[in-house]
Amino acid sequence: RLQEFLRSHDNSYFEEQFKIIPRPTNVTQHVGISIENIQKNRYKDICTYDHSRVLLDINTHNNEG
């Protein structure tokens, strides 16, 4: 069924569906886009919301190897 559905719709259908997903309006992203943190983001077009970001400890030991 899924393959049938995917075959029956082109990429523009899915792009339009993605565009109509509601975006939260009452959340902030100040920490993720701050100068000291922006280079830490894995993706340039995706940033965490302040309320749900993961706080990581600084690793002072080199455990690689």
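FYI, it's all coordinate maths here, none of it is from the lab. This one's a predicted model, so the numbers in the text were calculated from it and none came from an experiment. Note: ideal-geometry Cβ built from the backbone for every residue, glycine included; neighbour counts use all protein chains shown.
For segment 28-48, state whether one or more residues are assigned to a helix (DSSP H, G or I) and of a type in the set (S, T, N, Q). So far as segment 28-48 goes, yes, one or more of its residues are assigned to a helix (DSSP H, G or I) and of a type in the set (S, T, N, Q).
In segment 8-29, what residues are among the hydrophobic types (A, V, I, L, M, F, W, C) and either in contact with a strand residue (DSSP E or B) (Cβ under 7 Å, 6 or more places away or on another chain) or within 24 Å of Asn41 (Cα to Cα) (or both)?
Correct list: Phe18, Ile21, Val27.
The residue that is surrounded by the most Cβ atoms within 10 Å (Cβ to Cβ), among those in segment 9-24 that are under 16 Å from the mean Cα position of the chain (by Cα) and in a loop (DSSP other than H, G, I, E, B), is Pro24.
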